[in-house]
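All remarks here apply to the structure that follows.
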Amino acid sequence: MTDPARDIVVMESIDKSFPGVQALKQVSLTLAGGEIHALVGENGAGKSTLIKVLTGVERPDGGTITLDGAEVSIRSPLHAQSLGISTVYQEVNLCPNLTVAENLLIGRQPMKLGHVDWNAMNRQAREILQGLDIEIDVTRPLGSYSIAIQQMAAIARALVISSAKVLVLDEPTSSLTGHETDQLFRVMRKLKGEGIAILFITHFLDQVYEVSDRVTILRNGALVGVYETAVLPRLTLITLMLGRSLTELDDINQHKIESSQHIGTEPLLQADGVGLVGSIAPFDLVLHTGEVVGLAGLLGSGRTEMAQLLFGIDQPTEGSLTMDGKRVRNFSPIGSIERGVALCPEDRKAEGIVADLTVRENIIMAMQASRGWFRHLSTSDQYAIADKYIKLLSIATPSADQPVRNLSGGNQQKVILARWLATNPRLLILDEPTRGIDVGTKADIQKLVLSLAEEGKSCIFISSELEEVLRTSHRVVVMRDRAKVTEFAGEVDERAIMNAIAGGEA
Amino acid sequence: MSALRSVFSRSRLRESRLSVPILALAVILLFDFVFVPGFFNLEIRDGHLFGSLVDILRNSTPTVALAIGMTLVIATGGVDLSVGAIMAIAASVACILIDPRIVGLNLQGDITAVVGDPTYSFVPIPIVIVASLAVAVVCGLWNGVLVSFGRIQPMVATLILMIAGRGIAQLITNSIKIIIFNDSFAFIGNGFIVLPFSLFIVVALFAGAWLLTRRTAIGLFVESVGISFRASLYSGINEKRIKLFAYAFCGFCAGVAALIAVSSIRTSDANQIGLYTELDAILAVVIGGTVLGAGGRFSLLGSLIGALVIQATQTSMYAIGVAASAITAVKAVMVIVVILLYSQQVQDLGRRIAGRLARRQAAA
């Protein structure tokens, strides 16, 4: 399968350092035509940097890149594209308000008599997408389609503009549903069949096994090895990624059983028919102290909407919410913080971190907000708090004064967690806290949730990964079509939940 | 060389933010040192300090006051185009309170008796000051309400008052230029305690603003709202109230600038007071390293130096005989240079050149 003659890209001994960090040390990567090559590693392992070097965003300090046997120096993303290296990022970089056809062909529209030939353009766009087995109306705005379709449009565009030989997919599946992921994989396999080399970066190990031929593992900026996926046992893969063996999953199960003995009997939070017209149908929910309730459901099933109602981002139009037996009237983030409710939002970049502020400032933000404008935390207090949580959550940062944008995704998530733990909440709502985060940090966060429960804090745990919801939650609430469908307590049968999510039983 | 490298070094962003305005100021003063004889001369006359440097400081005070307020507004991701117009309104309010008879119906009365009376004021001067500042704050609040609650683009929202403001100022004084003879009011802009009195006012305003933003949580919240208002909202920060505060404070600063300006020229001239000063204020903030449009990290000290850079340039141009009408062209050049200095592309280029030079040096 990996005939060296078909190697399209050979990156050899790539070095790259940023101020204070050696991001890549002598890393090599080989991509052959007609293969799907997975790139895995924990956050901060150097995956992003390696891609940036390959796609011309960053220039390597040392090492060589060979493309089709000739050494190249990739000067810019545009240059990379002209060399046939195309990239599709996690966030779709297209214009949602333009039509699909416009997005695909903008900059190379077919012209007729000095103006755009729309019919030809739409026809071409349809043909391109048909080539990927996608049948959609190309005259509708791109934004009206699902993220998966948008992502495939991005891939199609990448293929159009550069007649790509190499396609880099950076975490393309992190916001896709299972069905959408399958659709994407079909496209990937089709392209592979056409001889394109695909570099696939993902945190989902299932997907590595499902679709990739070979896997390159990075750890701490260094190459661990390249393996044939089919013959690499999963446990070995995890061990190689982490550099230590992983028995944490068993620990977590044990932990969960122990913590379930501490669940209180009095309800902490009770929602009676709480709903918001146009957002989520009225639902009932009871939460006890020390209890972890998981919200399972597909993307867009109403999980986030429920979290936002409970945290006061939105105000309910009906029903009543009580906390500690008192009816909640102040629906606002600050009101929630004062009640002891915290929310780690789903969209870490837009709603979580304040990128240009330092780790310290990000951590003390919510605490300071609850103290108001004038009861200012002194700088020394701020450092004390920040340092405490940096240590407690083992946040990897050179110092508390590092702008949070320089941290990896997992560490940014820990900073957000620290922000909320600093407010000493009694109810912590975690909306997709482990999305786009490496296995090790995932386990850390799951363990943390259970430890907090043991201290008597309640938690609402939202995740697209059912396995993770099951592992951490004492009770599972299933959402579908913006409504609460059912609830499972005790020993939960995964298949029953799957059925509920899919709507197999109502 | 090393200065060049420190300007372009990303890891020393904090210093480099101030190094651009300081460098700019140094270049202008060096220019004056070479081309304008006696520019640095200082002398004491009647216990007052005189000299070109003092003139620069004194003439820059309205711009500095405006730049302080503008810094906070720009840091929230907005901009306030109406500060010049607010100055005109506040100045009209001050003048009408000091001498309302001019506008009144009985113009023929005993006007001659008050003309030239250096103690006359219709209401006590402290009340004049408080009232003008209050009106300026109300104007700022108006902007703030439009931006935070109305969710109107800051540029559009403040454009409303920018256009309407001078009309309002004309209405207040009935389009009459009121001349002020009151000496204690004139002390604000013309007085001396060794140094010009307005300098002390602006220093106090600066210190107040610094304490208000850096010794409370306001500075952090302003930056946080400017960088990501959604993340701020989710953290429990009331971003609307923060924006409201920033615009109101900016209005207050415009009020201070108005008092300095009107008391120094002793005339309410709604068409001239504060004309185009919003542009100077924005330019000062941009020179000072706070990013227009994006908001976020701000530097009050940077804005202060930025305002001095503008005034020093203006004074130097006059000193070498550039016509007043041509000053705008010089400012335009300054804008281009500043924008280039801060642009990422130019910084990257500079770093690459600096690196290449260093390597060549090492090789030699």
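The values are calculated or read from the model by the stated rules, or taken from the named source; none is laboratory data. What you see is a predicted model, and the numbers here were worked out from it, not measured in a lab. Quick reminder, even Gly has a Cβ in these numbers, built from the backbone with ideal geometry, and neighbours come from all protein chains shown.
In segment B:243-259, what residues are aliphatic (A, V, I, L, M) and crowded, with 24+ Cβ neighbours inside 10 Å?
B:A246, B:A254, B:V256, B:A257, B:A258, B:L259
State yes or no: is A:E135 in contact with a helix residue (DSSP H, G or I) (Cβ under 8 Å, 6 or more places away or on another chain), within 23 Å of A:L184 (Cβ to Cβ) and at pLDDT below 85?
yes
Those residues that are touching a helix residue (DSSP H, G or I) at 6+ places or on another chain (Cβ under 8 Å) and facing chain B (nearest Cβ under 7 Å), I need them from segment A:368-391; list them, please.
A:Q368, A:A369, A:S370, A:W373, A:H376
Would you please name the residue that is farthest from B:N238 (Cα to Cα), looking only at residues in segment A:364-383 that are among the hydrophobic types (A, V, I, L, M, F, W, C) and surrounded by 13 or more Cβ atoms within 10 Å (Cβ to Cβ)?
Among them, the one singled out is A:L377.
Can you name the residue in segment B:222-247 that is closer than 26 Å to B:T63 by Cβ, touching a Phe, Trp or Tyr at 6+ places or on another chain (Cβ under 9 Å) and not basic (K, R) and is also farthest from the other protein chains (Cβ to nearest Cβ) among such residues?
B:Y247
For segment A:394-506, give me every one of the strands (runs of 3 or more DSSP E) that falls completely inside it and has 1 or more residues that are surrounded by fewer than 17 Cβ atoms within 10 Å (Cβ to Cβ) and either of a type in the set (A, V, I, L, M, F, W, C) or not assigned by TED's automatic domain parsing to the domain that holds A:D381 (or both).
By residue number, A:483-489.
Just to check your reading of the model, which residue among A:L295, A:L310, A:L287 is within 14 Å of chain B (Cβ to nearest Cβ) and surrounded by 20 or more Cβ atoms within 10 Å (Cβ to Cβ)?
Just a single option satisfies the conditions, and that option is A:L310.
Picking from B:L66, B:L72, B:L105, which residue would you name as being modelled with pLDDT under 95 and of a type outside the set (S, T, Y)?
Of the residues listed, the single one that is modelled with pLDDT under 95 and of a type outside the set (S, T, Y) is B:L105.
Which residue out of B:D80, B:D55 is touching a Cys at 6+ places or on another chain (Cβ under 9 Å) and farther than 27 Å from B:P124 by Cβ?
Just a single option satisfies the conditions, and that option is B:D80.
Would you confirm whether any residue within segment A:57-74 is surrounded by 22 or more Cβ atoms within 10 Å (Cβ to Cβ) and among the polar types (S, T, N, Q)?
no
Which number in (1) over 32 Å from the mean Cα position of the chain (by Cα); (2) without any contact (Cβ under 8 Å) to a residue 12 or more places away in the chain marks the one condition that A:M121 misses?
Of everything listed in (1) over 32 Å from the mean Cα position of the chain (by Cα); (2) without any contact (Cβ under 8 Å) to a residue 12 or more places away in the chain, A:M121 misses just condition (2).
Having 1 or more residues that are over 27 Å from A:A45 (Cβ atoms) is the bar; report the helices (runs of 4 or more DSSP H) wholly within segment A:134-237 that clear it.
Because the criterion is at least 1 residues that are over 27 Å from A:A45 (Cβ atoms), the helices (runs of 4 or more DSSP H) in segment A:134-237 that meet it are A:147-162, A:178-193.
Out of all the residues in segment B:281-331, which are small (G, A, S), part of a loop (DSSP other than H, G, I, E, B) and crowded, with 18+ Cβ neighbours inside 10 Å?
Within segment B:281-331, B:G288, B:G289, B:G295, B:G296, B:S299 qualify.
Among (1) away from chain A (no Cβ under 14 Å); (2) of a type in the set (S, T, N, Q); (3) in contact with an Asp or Glu (Cβ under 7 Å, 6 or more places away or on another chain), which single condition is B:T267 missing?
Against the list (1) away from chain A (no Cβ under 14 Å); (2) of a type in the set (S, T, N, Q); (3) in contact with an Asp or Glu (Cβ under 7 Å, 6 or more places away or on another chain), B:T267 comes up short only on (3).
Would you mind finding the one in A:E467, A:E494 that is charged (D, E, K, R), within 28 Å of A:E171 (Cα to Cα) and touching a Leu at 6+ places or on another chain (Cβ under 9 Å)?
A:E494
Determine which single condition B:I152 fails, assuming it passes every other condition in (1) touching a Pro at 6+ places or on another chain (Cβ under 9 Å); (2) surrounded by fewer than 19 Cβ atoms within 10 Å (Cβ to Cβ).
Every listed condition holds for B:I152 apart from (1).
State whether one or more residues within segment A:199-208 are over 21 Å from the mean Cα position of the chain (by Cα) and either under 22 Å from A:R6 (Cα atoms) or in the same structural domain as A:I36 (by TED's automatic domain parsing) (or both).
No, every residue in segment A:199-208 fails to be over 21 Å from the mean Cα position of the chain (by Cα) and either under 22 Å from A:R6 (Cα atoms) or in the same structural domain as A:I36 (by TED's automatic domain parsing) (or both).
What residue, of B:I188, B:I178, is in contact (Cβ under 8 Å) with a residue 12 or more places away in the chain, in contact with a strand residue (DSSP E or B) (Cβ under 8 Å, 6 or more places away or on another chain) and aliphatic (A, V, I, L, M)?
Of B:I188, B:I178, the one residue that is in contact (Cβ under 8 Å) with a residue 12 or more places away in the chain, in contact with a strand residue (DSSP E or B) (Cβ under 8 Å, 6 or more places away or on another chain) and aliphatic (A, V, I, L, M) is B:I178.
In segment A:325-367, which residues are touching a strand residue (DSSP E or B) at 6+ places or on another chain (Cβ under 7 Å), more than 8 Å from chain B (Cβ to nearest Cβ) and under 22 Å from A:F283 (Cα atoms)?
Scanning segment A:325-367 gives A:R327, A:V328, A:R339, A:G340, A:V341, A:A342, A:C344, A:E346.
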